[in-house]
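Reading through the structure tokens given below for one structure.
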Ligand code: KG4
Ligand code: ZN
């Protein structure tokens, strides 16, 4: 089965072709440099950039592979959660392709796609505990099979990646700061007493990262000399203070994630075979080390996507689409895109090519 995946939920325009679980080829245009000028993603600009690039990326992907829409068996597209205007560009493009070429459509949950991404590299053992940790979400799932995930816990406020990006901003580092914190932290020494592990003593599997962000802001305010030295270092004046602060902050993030995941395993002893960590923050060196240690302690298989598959990409969308299609499940042409914060509907139907005239609320 050849599946075309389309991803436009935030600031990456990405397309990928996946055949029977293997990557055929990919195209990706990142808008990170543009949004860096504004210190974060500007939704209207993101939509415009997706609109500007998606057609050319599609043409380049098809030209390079020598394939055409006639060869594609299923069109899969991220339907949410994400920025609505950004999602609509990909969704409209996918619907037009599917309608024009009479191909079945799958509307993909971006979060589930992140968790499945690693399956192009190694099989995921089921059931697994799944940690999705990105710029917009920090969720723990029970993953029973490739199309059945149950949410066990979630952040009540900031996502871990959002906290990283905000801490980086406090230090004067450009957006998106998470990856820069990671690089600096690799040369630093973490002080585990510097920042709290927020919300770890509760008996649920929820997170609260806004407390960590506030604690970090207070630390910088209470230590103006260290803060000034770190900010100078962020502008290129060498100092170990910045690297140590980054290492301490990221160790608090990694430790918090590990301690909540321990609770997930403790809540159902012996019932999981794997631990999957996915999303942009799963690219982090300290988070990856914490996941390795946890999987070893729990005696389960660790599944970590390679770095390009941690951040937003279309391979994961194509793969999730293929998994649904293999189960014979897809979506009508009138499925709606879903912005962040809204629940994704369960509106799957039997997989079939879209019928002309099958428009309804949400269709474009
Ligand atoms: O999954 P993703 O690409 O997009 C969302 O769906 O949010 O995740 C982006 C987030 C950003 O907050 C970014 O700073 C963070 O992942 N991130 C990292 C690293 N690479 C990306 N955070 C820490 N260390 C990294 N190496
Ligand atoms: Zn994402």
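Answer yes or no: is there a residue in region 171-180 that is part of a loop (DSSP other than H, G, I, E, B) and under 14 Å from residue 256 (Cα atoms). I'd like the intermediate steps shown before the answer.
First, the residues of region 171-180 that are part of a loop (DSSP other than H, G, I, E, B): 171-177.
Still in the list and also under 14 Å from residue 256 (Cα atoms): none.
No, there is no match, as no residue in region 171-180 is part of a loop (DSSP other than H, G, I, E, B) and under 14 Å from residue 256 (Cα atoms).
List every residue pair whose Cβ atoms lie under 6 Å apart, where the two residues are 6 or more positions apart in sequence or sit on different chains, the first residue falls within region 239-263 and is under 19 Å from residue 130 (Cβ atoms), and the second residue, located anywhere, is part of a helix (DSSP H, G or I).
As it stands, the answer is 253/160; 254/286; 254/287; 254/290; 258/290; 258/294; 261/294, since those pairs meet every condition given.
Scan region 308-333 for residues that are surrounded by fewer than 24 Cβ atoms within 10 Å (Cβ to Cβ), more than 14 Å from ligand 2 (Cβ to nearest atom) and part of a helix (DSSP H, G or I) and report the count.
Selection size over region 308-333: 3.
Got at least one residue in region 262-279 being part of a helix (DSSP H, G or I), under 18 Å from the mean Cα position of the chain (by Cα) and surrounded by 24 or more Cβ atoms within 10 Å (Cβ to Cβ)? So that I can check it myself, show each step before the final result.
First, the residues of region 262-279 that are part of a helix (DSSP H, G or I): 262-267.
Still in the list and also under 18 Å from the mean Cα position of the chain (by Cα): none.
Checking region 262-279: not a single residue is part of a helix (DSSP H, G or I), under 18 Å from the mean Cα position of the chain (by Cα) and surrounded by 24 or more Cβ atoms within 10 Å (Cβ to Cβ).
Can you tell me which residue among 342, 292 is in a loop (DSSP other than H, G, I, E, B) and surrounded by fewer than 21 Cβ atoms within 10 Å (Cβ to Cβ)? Spell out how you get there, then give the answer.
Working: 292 fails: in a loop (DSSP other than H, G, I, E, B).
Step by step, each of 342, 292 is checked, and only 342 is in a loop (DSSP other than H, G, I, E, B) and surrounded by fewer than 21 Cβ atoms within 10 Å (Cβ to Cβ).
For region 195-211, which residues satisfy the criterion of being in contact with a helix residue (DSSP H, G or I) (Cβ under 6 Å, 6 or more places away or on another chain) and either surrounded by fewer than 17 Cβ atoms within 10 Å (Cβ to Cβ) or at pLDDT below 95 (or both)?
Within region 195-211, 196, 198, 200 meet the criteria.
Looking only at region 181-201, how many residues end up being part of a loop (DSSP other than H, G, I, E, B) and farther than 17 Å from residue 158 by Cα? Show your work before the answer.
Applying the first criterion (part of a loop (DSSP other than H, G, I, E, B)) to region 181-201 yields 186-201.
Filter once more, so that each one left must be farther than 17 Å from residue 158 by Cα: 186-194, 201.
Counting residues in region 181-201 that are part of a loop (DSSP other than H, G, I, E, B) and farther than 17 Å from residue 158 by Cα gives 10.
Tally up the residues in region 292-314 that are more than 13 Å from ligand 1 (Cβ to nearest atom) and in contact with a strand residue (DSSP E or B) (Cβ under 9 Å, 6 or more places away or on another chain), please.
Taking region 292-314 as the starting set, the residues that turn out to be more than 13 Å from ligand 1 (Cβ to nearest atom) are 292-303.
Filter again for in contact with a strand residue (DSSP E or B) (Cβ under 9 Å, 6 or more places away or on another chain), leaving 292, 294-296, 298, 300-303.
Selection size over region 292-314: 9.
Restricting to region 10-58, count the residues that are in contact with a helix residue (DSSP H, G or I) (Cβ under 7 Å, 6 or more places away or on another chain) and under 13 Å from residue 89 (Cα atoms).
Within region 10-58, residues that are in contact with a helix residue (DSSP H, G or I) (Cβ under 7 Å, 6 or more places away or on another chain) and under 13 Å from residue 89 (Cα atoms) number 13.
The values are calculated or read from the model by the stated rules, or taken from the named source; none is laboratory data. Not measured: the values here are computed from a predicted model. FYI the Cβ positions are ideal-geometry reconstructions off the backbone, even for glycines, and counts take in every protein chain you see.
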